[in-house]
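Here the structure is laid out as structure tokens; the discussion comes afterwards.
The values are calculated or read from the model by the stated rules, or taken from the named source; none is laboratory data. Note that this is a predicted model, so its numbers are computed, not measured. Don't worry about glycine lacking a Cβ; one is built from the backbone with ideal geometry, like all the others, and counts go over all protein chains shown. All accessible areas refer to the heavy atoms of the entire protein, side chains included, with ligands and DNA or RNA removed. Shrake-Rupley method; radii C 1.70, N 1.55, O 1.52, S 1.80 Å.
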Amino acid sequence: MCVLTGGRSAMAQAAQTNKSPPEDRPRPRNVSREEALKLEGYRHACHVMLYAPTSAKLFDRVPIRYIVLMMMRFDGRLGFPGGFVDLRDASLEDGLNRELLEELGPYFNTLKVTEQDYKSSQVREIPQKAVTHFFAKELKVEEMEAIEKEAVHAKDHGLEVMGLIRVPLYTLRDGFGGLPAFLSNNFIGNSKSQLLYGLRSLRLLREDHIQDAIWSSQNIQF
């Protein structure tokens, strides 16, 4: 989203401060888990997409398909639960589960993310040298609802986490409501691409529906 301040565009401001605008920055590159763990001088962040199949329908006619959880962060951006981990932990999963305990509350202790839930890793150099590891874990509707209920008692609720939200995986008749409108939000880092990757790799949504939502999100008139 381009934000205007004092009549100057974000791109002009970036150029004036010798900072490359987002579209000119190197894109994160995919690496294997093994390659990622061998990198030196990089911070490692782990995030998870929690999802659950559901038969619920919006207005009794629009299939919800899946409950997919994201969260509103302290900086006003959308992202997945998780965060930076310490490689001195026994594993990436141990670090991630500790982050989830702080963000989602004690109920998550009964679930745990495992190496079987690992999906991908990406490395970037800007704005800092970091590797982002993406996980996806299928739960039951009852488990998702319990997480949502208990999350308000988590250590980071109201601080680093402003609240959990569900991703709408449908598009309404106007062509914009639902997933297209959701994709027009401001996402942290590569969480938007992680969301799309998760929807594709897990086949939670048909590719043509994803493509239509992406196109519509880029052409929304406010």
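When the surface is traced with a 1.4 Å probe over the full set of protein chains, SER191 keeps roughly 10 Å² accessible. With viscosity 1.567 mPa s and temperature 4 °C, the Kirkwood radius over alpha carbon pairs of the chain converts through Stokes-Einstein to a diffusion coefficient of 69 µm²/s.
Mean separation of Cα pairs under 8 Å and 6 or more residues apart, divided by the residue count, gives region 83-222 a relative contact order of 18 percent.
Between GLN211 and ASP86, the contour length at 0.36 nm per residue exceeds the alpha carbon distance by 41.4 nm. Applying the Karplus relation 6.51 cos²θ - 1.76 cosθ + 1.60 with θ = phi - 60° to region 95-107 yields 3J(HN,Hα) values of x, 5, 4, 5, 5, 5, 4, 6, 8, 10, x, x, 4 Hz, where x marks Gly and Pro. Got a sec? Which residues in region 113-153 would a label at LEU37 touch, if it sits 7 Å along Cα→Cβ and we count backbone N under 19 Å? Only 113-124, 130-136 pass the distance filter.
Each label point was placed 7 Å from the Cα along the Cα-to-Cβ direction; for GLN128 and ARG77 their separation is 1.2 nm. Counting Lys and Arg as +1 and Asp and Glu as -1 over every other residue whose Cβ lies under 15 Å from the Cβ of LEU58, the net charge comes to +3. Sorting GLU102, GLU145 by solvent-accessible area of protein heavy atoms yields GLU145, GLU102, largest first, with a 1.4 Å probe.
If you plug the beta carbon distance of LEU202 and ASP174 into 1/(1 + (r/R0)^6) with R0 = 45 Å, you get a FRET efficiency near 0.95. Amide H contacts for LEU139 (H built 1.01 Å from N in the peptide plane; partners 5 or more residues away or on another chain; cut-off under 5 Å): TYR51, ALA52. Counting 0.36 nm for each residue step from ARG27 to HIS153 and taking away their Cα separation leaves a gain of 41.7 nm.
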